[in-house]
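Structure record follows, encoded as structure tokens.
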Amino acid sequence: MQFPLRLGSRGSPLALTQANMVAGALRAAHGWGPEAIRIVPIKTSGDRIQDRPLAEVGGKALWTKELDRALFEEEIDFAVHSMKDVETIRPAEIVIAAMLPRADVRDRLIGAESLDALPAGARVGTSSPRRSAQILRARPDVSIVLFRGNVDTRLRRLAGGEAEATLLAAAGLDRLGRSDIGHAVPVETMLPAPAQGAVGIETLAAREDVRAALAAIDDACTSACVRAERALLAALGADCRAPVAALALREGDMIRLRAEILREDGRSFEAGEARFAVDALEAAAELARDLLARAEPDLRAHFRR
């Protein structure tokens, strides 16, 4: 293995914070010095295009394709991602080699103490179909305003009066040292996005040396839970247009997976859960099929079998 190892990352403050978390974990695990890892910021399409929903301009691949290219062209040795932004189907040549311990999975509401406390007819800024559907299910009187961009951009737009409230991932705020912002929404009210709060590291399948190094920082519990959530997504055939929420929790040698699928306006949804052995990911797919079987036709139409 040739040093320094090059760690590819998006260039946003949160992405770079997460890259430094990965670098720090690797240095601690292997006793490496500061010079062993060099972080390589890479501008992604998702960072450049912020005035349209992801579904209109390429979906989650906007966050990954430039980092994938850098891996294939050997400009970097591995890449760090927020796992909720990684497409369900990945190139066969790339593997998710490790995940850091998962952080707070909840959403945080900024601008009001709770969804019930939002003013009548409030505008809520978000670009997430899942958050939009869950908000509209709870508060059909509010309207959704497209908010894209990093944390500071969204908070600036909120302060500028473009909306009365917005939602951000608690994990991202915590990692940026901004735990004092907003009010955590219970998962019973808003089940999170699949893989929310998890940081993953990818490398080429052929790079056995890098995979072995990354294995030392893999959190087995996080990996098992996120893989279950991603197995559900794969079975649903869900893309970035489809409102889906899921949360897997480790319970000894078992996983408890809760999930829901929603229509964009929140007026139709199906929810369910399953409990299965850690390596029995087919059970996650069975839960997906059960949700689809119970869904109304207009809800089922958002997913492909």
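The values are calculated or read from the model by the stated rules, or taken from the named source; none is laboratory data. Since this is a predicted model, take the numbers as computed values, not measurements. Don't worry about glycine lacking a Cβ; one is built from the backbone with ideal geometry, like all the others, and counts go over all protein chains shown.
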Meets criteria (over 29 Å from L7 (Cα atoms), part of a loop (DSSP other than H, G, I, E, B) and over 20 Å from the mean Cα position of the chain (by Cα)) for A92: no
- line: Counted residues in the range 19-66 being modelled with pLDDT of 65 or more and not aliphatic (A, V, I, L, M) come to 17
- request: Confirm whether L214 is within 25 Å of E270 (Cα to Cα) and not basic (K, R).
  value: no
message: Consider the range 216-227. How many of its residues are crowded, with 23+ Cβ neighbours inside 10 Å and of a type in the set (D, E)?
response: 0
statement: Of (1) in the same structural domain as G121 (by TED's automatic domain parsing); (2) at negative phi; (3) at pLDDT 95 or above, N150 fails just (3)
message: For the range 228-263, give me each residue that is closer than 19 Å to D85 by Cα and surrounded by fewer than 20 Cβ atoms within 10 Å (Cβ to Cβ).
response: A234, G237, D239, R241
message: Can you say whether V199 is closer than 30 Å to I76 by Cβ, in contact with a His (Cβ under 8 Å, 6 or more places away or on another chain) and among the hydrophobic types (A, V, I, L, M, F, W, C), as far as the supplied structure shows?
response: yes
message: Looking only at helices (runs of 4 or more DSSP H) that lie completely in the range 158-242, which have at least 2 residues being over 24 Å from P119 (Cα atoms) and not assigned by TED's automatic domain parsing to the domain that holds I144?
response: 208-215, 220-236
- line: Counting only residues that are assigned to a loop (DSSP other than H, G, I, E, B) and within 16 Å of the chain's Cα centre (by Cα), the range 116-151 contains a total of 6
Close pairs (6 angstrom Cβ cut-off, 6 or more residues apart or separate chains): in contact (Cβ under 8 Å) with a residue 12 or more places away in the chain in the range 166-194, part of a helix (DSSP H, G or I) and acidic (D, E) anywhere: P194/E229
- request: Examine the range 76-83 for a residue that is touching a strand residue (DSSP E or B) at 6+ places or on another chain (Cβ under 8 Å), modelled with pLDDT of 95 or more, surrounded by fewer than 20 Cβ atoms within 10 Å (Cβ to Cβ) and not in a loop (DSSP other than H, G, I, E, B), and state whether such a residue exists.
  value: no
message: Condition check: modelled with pLDDT of 95 or more, loosely packed, with under 15 Cβ neighbours inside 10 Å and farther than 30 Å from I76 by Cβ. Does R267 satisfy that?
response: no
field: E93 vs. criteria modelled with pLDDT of 95 or more, over 18 Å from R10 (Cα atoms) and outside the structural domain of L168 (by TED's automatic domain parsing)
entry: yes
field: So R211, is it of a type in the set (D, E, K, R), farther than 21 Å from I94 by Cα and modelled with pLDDT of 95 or more
entry: no
message: Regarding the range 205-225, can at least one residue be identified that is closer than 24 Å to R137 by Cβ and touching a residue at least 40 places away in the same chain (Cβ under 8 Å)?
response: no
